[in-house]
Amino acid sequence: MKIICVGRNYREHAAELNNPVPAKPIIFMKPDTSLLRNNKDFYYPEFTQNLHYECEIVVRIGREGKYLQEEFVTSYIDGVALGIDFTARDIQDECKAKSLPWTLAKGFNDAAPVSEFIAPEELPPLDKLRFSCAINGEPRQVGHSADMIFPVNTLIAFITRYITVKKGDLIFTGTPAGVGAVHVNDRITGELEGHALLDFSIR
Ligand code: ZN
């Protein structure tokens, strides 16, 4: 199983981190050891002083595919969830400054909490999904998949030109504006189309 992620897929989020809006999707990966399931506690890593949450729609691949056409992508998706793309922003800033890969900033253990999955047919279409997250009950991010720079179908068609996706692979689809730091004892909650999916604590 692999976790493929996209950076800067919402204009306002690109702007809040002073990044240009990309002409092509910015793709990176997290190892399978980043996956954290079942709303288990997340333990604040000792190597960062600036851990950021990024709440994102996550789609799960249901069967192997490569060179997918945009119009057929939907039939390759068998689940939709919410995830947090945890980012050690201090490490990422250092990597960016030196033009180095983001692996350690985003691929550390448990850096990809993912909620339970909902069958796509139980949700609105992939380009009409509303989601939100809160820290300690205070709303922080509100997103709508219609605001993605590269919609899910475009994104997966792009990815599969380079990387074959397999059953069980997860795609993090980017975060809207409102990212910020979390601290020990914070509680993160997230909703997708009225489903309370994420609810876990930082320890
Ligand atoms: Zn992200």
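The values are calculated or read from the model by the stated rules, or taken from the named source; none is laboratory data. Note that the coordinates shown come from a computational prediction; the quantities given were computed from them, not determined experimentally. Here Cβ is always computed from backbone atoms with ideal geometry, including for glycine, and neighbour counts include all displayed protein chains. The protein model used for the area step is the full one, side chains on, heavy atoms only, and it has no ligands, DNA or RNA in it. Shrake-Rupley method; radii C 1.70, N 1.55, O 1.52, S 1.80 Å.
As a calculated quantity, the FRET efficiency between Glu121 and Lys166 at R0 = 25 Å, using C-beta atoms, amounts to about 0.70. A 1.4 Å probe run over the protein chains yields, for the chain, 47 Å² of accessible area per residue, whole-number rounding. Sequence-ordered 3J(HN,Hα) estimates for the range 194-199 from the Karplus curve with 6.51, -1.76 and 1.60 and θ = phi - 60° stand at x, 8, 6, 10, 9, 6 Hz, glycine and proline given as x. Computed in the context of the full set of protein chains, the accessible area of the range 66-176 at 1.4 Å probe radius has 53% of its extent on carbon or sulfur. I want to check a number: in the range 41-185, how many lysine pairs have alpha carbons closer than 29 Å, given a sequence separation of 8 or more or different chains? Summing the qualifying lysine pairs gives 11. For the chain, Cys5, Cys95 have no disulfide-compatible partner, since no other Cys C-beta lies under 4.7 Å from theirs.
Under the shape rule built on the C-alpha gyration tensor, where the axes satisfy a ≥ b ≥ c, the range 37-196 is oblate, since a/c reaches at least 1.5 while a/b does not exceed b/c.
Put simply, when 169-177, 116-124, 9-17 are sorted by average Cβ atoms within 10 angstrom per residue, most first, you get 169-177, 9-17, 116-124.
Note on Met1 and Glu138: with the Förster distance fixed at 25 Å, the Cβ-Cβ geometry gives a FRET efficiency of about 0.15. Taking label points 7 Å from Cα along the Cα-to-Cβ direction, Ser99 and Arg187 give a separation of 4.7 nm. Per-residue extension of 0.36 nm, minus the Cα-Cα distance of Arg130 and Lys40, leaves a gain of 30.0 nm for this segment.
What's the carbon and sulfur percent of the range 1-58's accessible surface, probe 1.4 angstrom, rounded to a whole number? Result for the range 1-58: 50 percent of the exposed heavy-atom area is carbon or sulfur. Only bridges with both residues in the chain count here: give the DSSP antiparallel percent, nearest 5. Here the antiparallel bridges make up roughly 85 percent for the chain.
For the range 96-109, backbone phi angles converted through the Karplus equation (6.51, -1.76, 1.60; θ = phi - 60°) give residue-by-residue couplings of 4, 4, 9, 6, 9, x, 8, 3, 6, 6, 10, x, 6, 4 Hz, Gly and Pro being listed as x. Sparse packing (at most 10 other Cβ atoms within 10 Å of the Cβ) combined with a DSSP loop state is found for the following trypsin sites (Lys or Arg not before Pro) in the range 96-160: Lys98.
A helix-only calculation puts the chain at -4000 deg cm²/dmol for mean residue ellipticity at 222 nm, using -39500 (n - 2.57) for each DSSP H run of at least four residues, averaged over all residues.
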